[in-house]
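The values are calculated or read from the model by the stated rules, or taken from the named source; none is laboratory data. Computed from a predicted structure; not experimentally measured. Heads up, the Cβs are rebuilt from the backbone with ideal geometry, glycines too, and the neighbour counts pull from every protein chain shown.
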Amino acid sequence: MIAFAGCSKQHRILVAGSRAVELMLELHRRGYARAAATANCGHPAGQYGVALVDWRRRTFKTLEVALDWLVEFLSPTGVLVVWVDPQKASANETLRLSLEGRGFVVEDGTVHECGCAVLARRREMNPIRKAA
């Protein structure tokens, strides 16, 4: 189970992937009562602070379709965690570019024998311009 560094148990968490319901129930057992699976998440309205996407044993092409749908559920300050199968560096770069193309900045990542996890935040909507 991925630990959510900096994620309060008050955050609304959306879990996606083939094991979404199982992972949601595990989060509930760990005290994250506001976790929901994509099967019961409601309509997209930017209502979730965190999205955990377990995309192991699934294709990158279907991940891209899921990400296009999921980003509408995340708040402007939302965090996205994508968990995929262990992969080559070139595949990790493809994932990074895909997330950046959707307005995210990859902040962290980890590699484990059971997969790779990438944490990304939304890019600032209106960055503060520096005075010249």
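Take the conditions at pLDDT below 90 and assigned to a loop (DSSP other than H, G, I, E, B) and apply them to Pro44. Does it pass? Can you show your working first?
Numbers: at pLDDT below 90: no; assigned to a loop (DSSP other than H, G, I, E, B): yes.
The answer is no for Pro44.
In segment 11-26, the residues that are within 12 Å of Val81 (Cβ to Cβ) reach residues that are buried (at least 19 other Cβ atoms within 10 Å of the Cβ) and among the acidic types (Asp, Glu) with C-beta atoms within less than 9 angstrom, at least six apart or across chains, in these pairs: Val15/Asp54; Ala16/Asp54; Gly17/Asp54; Leu23/Asp54.
Taken over segment 87-115, the criterion of being surrounded by 11 or more Cβ atoms within 10 Å (Cβ to Cβ), modelled with pLDDT under 90 and touching a Lys or Arg at 6+ places or on another chain (Cβ under 9 Å) is satisfied by Gly109, Gly115. Within segment 67-85, being out of contact with any strand residue (DSSP E or B) (no Cβ under 6 Å at 6 or more places or on another chain), outside any strand (DSSP E or B) and surrounded by fewer than 20 Cβ atoms within 10 Å (Cβ to Cβ) holds for Asp68, Trp69, Val71, Glu72.
Each residue in segment 57-66 was checked for being in contact (Cβ under 8 Å) with a residue 12 or more places away in the chain, in a helix (DSSP H, G or I) and within 16 Å of Ala20 (Cα to Cα), and 2 of them qualify.
In this structure, Ala33 does not qualify as part of a helix (DSSP H, G or I) and surrounded by fewer than 13 Cβ atoms within 10 Å (Cβ to Cβ). Considering only residues that are without any contact (Cβ under 8 Å) to a residue 24 or more places away in the chain and closer than 13 Å to Val118 by Cα, which ones fall in segment 90-105? Those that are without any contact (Cβ under 8 Å) to a residue 24 or more places away in the chain and closer than 13 Å to Val118 by Cα: Glu93, Arg96, Leu97, Glu100, Val105.
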